[in-house]
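Peer 1: I'd like to ask some things about the structure below.
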Amino acid sequence: MSSAKLTAALGHAFADRALLQTALTHRSFGLPNNERLEFIGDGVLNCVIAVALFKRYPELPEGDLSRMRANLVRQDALHRLPLSLKLGDALRLGERELKSGGPSILAAARAALSGAIYLDAGFEAARNVIARLYLPLFDELSSGPVGKDAKTSLQEWLQGRKKPLPRYQLIEASGAAHEQRFAVACEIDNPPLRTIGEGSSRRLAEQAAAAGALKALTA
């Protein structure tokens, strides 16, 4: 992906193009790299997400808001956003990481981009980009139990009815190392049920499969 297409997908045109290039440069490629921008981006991201949750859920206590924020800023959530941007195509990586790079590289680059946008245009610009990209994840949170992921919710649903716990089986892993896709089956014995989930990590695929099972069970 060209930098022009990436900035269009982000919805932010950089005044300082060097910031964008640095945000896309992994330490394996050389200096300057995106580690310092990732540090800033993590802080900006946590602040933006905290404020968004505070406004979106005015009745929730601090503990629930903290759990929801933790779900949104964990590595696999950060990894999903770069995949939607096709960020992996724009990264500058050393030869070793080109072969073995994983979700952490994409998550770090996504955080670094938040830091770069903040330095380039200020907090409001970073907030607008983050809020727009995170909207689908906010909607997923609001459709389920507060602060709980799908696997936890499914397990609690089954335990509450004294039913056996689900099993998760990896079906397929495909794609380049830095843009892999996984397919996982969630199998339940009582009632008999098998759902398939896909994601950019095995954990995300398991979550998707669990969400499908929970939806089927509670429909």
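Peer 1: If you check every pair at least six apart or on different chains, which have Cβ atoms under 6 Å apart with a residue in segment 199-217 that is under 16 Å from S174 (Cβ atoms) first and a residue that is of a type in the set (F, W, Y) and outside any helix (DSSP H, G or I) second?
Peer 2: That search, which allows pairs on different chains as well, returns G199/F182; R202/F182; A205/F182.
Peer 1: Among the residues of segment 131-156, write down those that are open to solvent by 70 Å² or more (accessible area, probe 1.4 Å), over 15 Å from the mean Cα position of the chain (by Cα) and modelled with pLDDT of 75 or more.
Peer 2: Q155, E156
Peer 1: Which residue pairs have Cβ atoms closer than 8 Å, lie 6 or more positions apart in sequence or on different chains, and pair a first residue in segment 27-46 that is modelled with pLDDT of 90 or more with a second residue that is of a type in the set (S, T, Y) and not in a helix (DSSP H, G or I)?
Peer 2: P32/T25; N33/T25; N34/T25
Peer 1: Restricted to segment 1-48, and to residues that are among the polar types (S, T, N, Q) and part of a loop (DSSP other than H, G, I, E, B), which residue is surrounded by the most Cβ atoms within 10 Å (Cβ to Cβ)?
Peer 2: If we filter segment 1-48 for residues that are among the polar types (S, T, N, Q), which is where we start, we get 2-3, 7, 21-22, 25, 28, 33-34, 46.
When the remaining residues are screened for being part of a loop (DSSP other than H, G, I, E, B), the result is 2, 28, 33-34.
Values: S2: 9, S28: 15, N33: 19, N34: 27.
That would be N34.
The values are calculated or read from the model by the stated rules, or taken from the named source; none is laboratory data. Everything quoted here is computed from the prediction, not taken from an experiment. Here Cβ is always computed from backbone atoms with ideal geometry, including for glycine, and neighbour counts include all displayed protein chains. In case anyone asks, the SASA skips ligands and DNA or RNA and just uses the protein heavy atoms, side chains included. Shrake-Rupley method; radii C 1.70, N 1.55, O 1.52, S 1.80 Å.
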